[in-house]
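The values are calculated or read from the model by the stated rules, or taken from the named source; none is laboratory data. Model, not experiment: these values are computed from the prediction. Here the Cβ positions follow ideal geometry from the backbone for every residue, glycine too, while neighbour counts run over all protein chains shown.
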Amino acid sequence: MPVITLPDGSRREYPNPLTVAEVASSIGTGLAKAALAGRVDGRLVDTSFRIDHDVALAIVTDKDVDGLEIIRHSMAHLLAYAVKELFPEAQVTIGPVIDNGFYYDFAYKRPFTPEDLQDIETRMAELAKQDFPVTREEWERDAAVDFFKSIGEHYKAELIAAIPAGEPIGLYREGAFIDLCRGPHVPSTGRLKVFKLMKVAGAYWRGDARNEQLQRIYGTAWAKKEDQDAYLHMLEEAEKRDHRKLGRQLDLFHLQDEAPGLVFWHPHGWIVWQEIEQYMRAIYRESGYQEVRCPQILDSSLWEKSGHWGHYKENMFVTASENRDYAVKPMNCPGHIQVFNAGLRSYKELPLRYGEFGSCHRNEPSGALHGIMRVRGFTQDDGHIFCTEDQIEAEITAFNAQVRRVYADFGFHEVAVKLALRPENRVGSDALWDQSENALRSALRASGLEWEELPGEGAFYGPKIEFHIKDAIGRSWQCGTVQVDPSMPARLGAEYVGEDNARHTPVMLHRAILGSLERFIGILIENHAGALPLWLSPVQAVVMSISEGQAEYARSVAEKLRAGGLRIETDLRAEKINYKIREHSLLKRPYLVVVGDKEKAAGLVAVRARGNQDLGQMSPEVFLERLLQEKGSRA
């Protein structure tokens, strides 16, 4: 007689074992129709899962995050089913859930075309309408291997053969299709209604470039059509805001094959960079940071001591000279410890805060590079705080407040906080990790912040708080981070003299607010669709003459504005004024200043704000005051 405890704490007793679906039916017809899966004692299971003892049960529907993942997981199988129906010679490999959708990798003799994608999507809809039951079967491993070999699915057979002998093999069947999967899945294909195939890309078997190349079909899937419509609209907006396209259009930067993952900054782009760097430098000074500069290349022995050589070497650029091995720094922390170690430190100096706009290089896979968002060479607004254990909470609490202020100045007001916990590949004892993780939790509580925990996603040397900002079209970007590191200072011999005159190892806090400046500038460009706020715009106003007769007056207006500390261009070309206005509008200049004979005679200027707003005539002095006020407010 199983007793089921529901999420609201209520308990239901049943005379015989029963399935999750039967429990849902006993609660109500609506829940029975909505049920996609169950969570039994914390484990996700199919609605066909049989309960024969007392458990805690939650019915999963499409309103739950888990429910949407199950829909997407089941969509991957539906995609594979449709491909096999239309292209029987194709072999299926793997098909996981990803953010906002799913994909499946296939081996096929020719590339899939856009027309193929449309046919596959149509066939998926037809299979879904047939409402095939999705049922789980358990097979013995060798029997499953033989079966998939017999139907020509050699990749699937290889996957199953790698599973240890004796473990049950879960297979899911829907209609004429059967596939390996851990599950759970929707009860029937009729539950899969809102989806769209997006694109085809290349992929390697098991993610290894030495293996054969496959074709990856991406799709998106949602519980409701309006959610999918909103997502597709967001993608359209993202395409318009693509920082790579806008970087070329606005003459900010470029990338080229001779320097993969490295950025060529143009004059206007470098102005944006410098504005951000100088702003962050002021934040450093206000917060008691001392700016330092450390070498780009360090001997491998230092990276071995820090732990990077053993845990991160595959991501480092290495070189050799005079029988010594070196690495280009992927991180700034070991260098900052060397600065700390250069003198005998006292507890009275702590907390000691170092900051550096540190240039780092990481050997990212070429396929992962993406404009200036994912590069091999980047600069971080990096800082490290050396402190005692008693000072951790106060330092992190102050940093948490600082982060939110900085993001607000850049126009980001929605910030999600996440706590990334110990990964499997790590240094330091469990006791140290317990202490570090609890210190971060305590600091978050002291800051009055809510957070989400991410098991296994911390750095190899310590847990970290992540700050995720939301942009204008609803995308989330992880930028800032603060990490507790009790291990690296000890590994690199950092010590201070305590109040007891004994030597102690300081705790080191790694912190960055923007993260990679390259990536942050890419985020800013996309957030503002290239129309950067006045204080960041490389050109803040353009002064244009209608004809040659106003050229000298236009120059004098531009000089007054420059003298006020603004970045001003003039356009005195013998072109029609509407042509000039259109050209500079496309370059997303914040203000366009037009001077003709009337303005010259009256000592005024005619001003247009970005977005074709006519602000009318005003004196150069009033216009200057307006710009200085807007620049100072960072509106």
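For the stretch 525-540, the criterion of a residue being part of a helix (DSSP H, G or I), touching a His at 6+ places or on another chain (Cβ under 9 Å) and not polar (S, T, N, Q) is satisfied by at least one position.
Suppose the filter is in contact with an Asp or Glu (Cβ under 7 Å, 6 or more places away or on another chain), of a type outside the set (Val, Ile, Thr) and closer than 25 Å to Glu453 by Cβ; does Leu432 pass it? In short, no.
Within the stretch 386-404, residues that are crowded, with 20+ Cβ neighbours inside 10 Å sit with their Cβ atoms under 6 Å from residues that are among the basic types (Lys, Arg) and not in a helix (DSSP H, G or I), at 6+ positions apart or across chains, in these pairs: Phe399/Arg511. Pick from Ala551, Ala502: which is surrounded by fewer than 22 Cβ atoms within 10 Å (Cβ to Cβ), more than 26 Å from Phe253 (Cα to Cα) and without any contact (Cβ under 8 Å) to a residue 12 or more places away in the chain? After applying the criteria, what remains is Ala502. Criterion applied to Arg12, Arg43, Arg39 was being at pLDDT 90 or above and surrounded by 16 or more Cβ atoms within 10 Å (Cβ to Cβ), and the one residue passing it is Arg39. Scanning the stretch 471-499 for residues that are touching a Ser or Thr at 6+ places or on another chain (Cβ under 7 Å), buried (at least 18 other Cβ atoms within 10 Å of the Cβ) and either closer than 24 Å to Glu237 by Cα or in contact (Cβ under 8 Å) with a residue 60 or more places away in the chain (or both) gives Val484, Met488, Pro489, Arg491, Leu492, Ala494, Tyr496. Just a yes or no: is a residue in the stretch 194-205 within 27 Å of the chain's Cα centre (by Cα) and exposed (fewer than 13 other Cβ atoms within 10 Å of the Cβ)? Within the stretch 194-205, one or more residues are within 27 Å of the chain's Cα centre (by Cα) and exposed (fewer than 13 other Cβ atoms within 10 Å of the Cβ).
Step by step: first the residues of the stretch 406-425, then only those that are part of a loop (DSSP other than H, G, I, E, B) and crowded, with 20+ Cβ neighbours inside 10 Å, then the one that is modelled with the lowest pLDDT. Which residue is that?
Arg422
Taking the criterion of being part of a strand (DSSP E or B), among the hydroxyl-bearing types (Ser, Thr, Tyr) and either in contact with a Gly (Cβ under 6 Å, 6 or more places away or on another chain) or surrounded by fewer than 21 Cβ atoms within 10 Å (Cβ to Cβ) (or both), the only residue of the stretch 351-378 that qualifies is Ser359.
If you go through the stretch 237-274 and keep only what is closer than 19 Å to Leu514 by Cα, surrounded by fewer than 17 Cβ atoms within 10 Å (Cβ to Cβ) and either free of Cβ contacts under 8 Å to residues at least 60 places away in the same chain or of a type outside the set (A, V, I, L, M) (or both), you end up with Trp270, Gln274.
If the Cβ limit is 7 Å and pairs must be 6+ apart or interchain, which residue in the stretch 135-160 that is without any contact (Cβ under 8 Å) to a residue 12 or more places away in the chain pairs with which residue that is part of a helix (DSSP H, G or I)? The qualifying pairs are Lys149/Ala157. Among the residues of the stretch 306-326, are any more than 24 Å from Pro423 (Cβ to Cβ) and either under 28 Å from the mean Cα position of the chain (by Cα) or buried (at least 19 other Cβ atoms within 10 Å of the Cβ) (or both)? Taking every residue of the stretch 306-326 in turn, at least one turns out to be more than 24 Å from Pro423 (Cβ to Cβ) and either under 28 Å from the mean Cα position of the chain (by Cα) or buried (at least 19 other Cβ atoms within 10 Å of the Cβ) (or both).
Based on what the data block shows, is Val339 β-branched (Val, Ile, Thr) and either under 27 Å from the mean Cα position of the chain (by Cα) or crowded, with 20+ Cβ neighbours inside 10 Å (or both)? No; evaluated as a whole, the condition is false for this residue.
Kindly provide the set of residues from the stretch 283-302 that are part of a helix (DSSP H, G or I) and either within 28 Å of the chain's Cα centre (by Cα) or free of Cβ contacts under 8 Å to residues at least 12 places away in the same chain (or both), ordered by number. Break it down into steps so the answer makes sense when it comes.
Step one: list which residues in the stretch 283-302 are part of a helix (DSSP H, G or I), which gives 283-286, 300-302.
Selection gives Ile283, Tyr284, Arg285, Glu286, Ser301.
Scanning the stretch 239-269 for residues that are in a helix (DSSP H, G or I) and over 24 Å from the mean Cα position of the chain (by Cα) yields Gln249, Pro267, His268. Of all residue pairs spaced 6 or more apart or on separate chains, those with beta-carbon atoms under 7 Å, a first member in the stretch 26-48 that is farther than 18 Å from Val3 by Cβ and in contact (Cβ under 8 Å) with a residue 60 or more places away in the chain and a second member that is among the aliphatic types (A, V, I, L, M) and assigned to a loop (DSSP other than H, G, I, E, B) are Leu36/Val186; Thr47/Ala35. Scanning the stretch 120-139 for residues that are in contact with a Ser or Thr (Cβ under 8 Å, 6 or more places away or on another chain) and outside any helix (DSSP H, G or I) yields a count of 7. Filtering the stretch 608-623 to residues that are under 15 Å from Ala558 (Cα atoms) and either surrounded by fewer than 21 Cβ atoms within 10 Å (Cβ to Cβ) or of a type in the set (Gly, Ala, Ser) (or both) leaves Met618, Ser619, Glu621, Val622. Considering only the stretch 308-350, how many residues are outside any helix (DSSP H, G or I), in contact with a Ser or Thr (Cβ under 7 Å, 6 or more places away or on another chain) and under 21 Å from Asp485 (Cα atoms)? Residues that pass the stated criteria total 1. Listed conditions (1) loosely packed, with under 14 Cβ neighbours inside 10 Å; (2) modelled with pLDDT under 95; (3) assigned to a helix (DSSP H, G or I) are all met by Met234, apart from (1).
Quick one: how many residues across the stretch 102-118 are farther than 21 Å from Trp205 by Cβ and crowded, with 18+ Cβ neighbours inside 10 Å? Number satisfying all stated conditions: 1.
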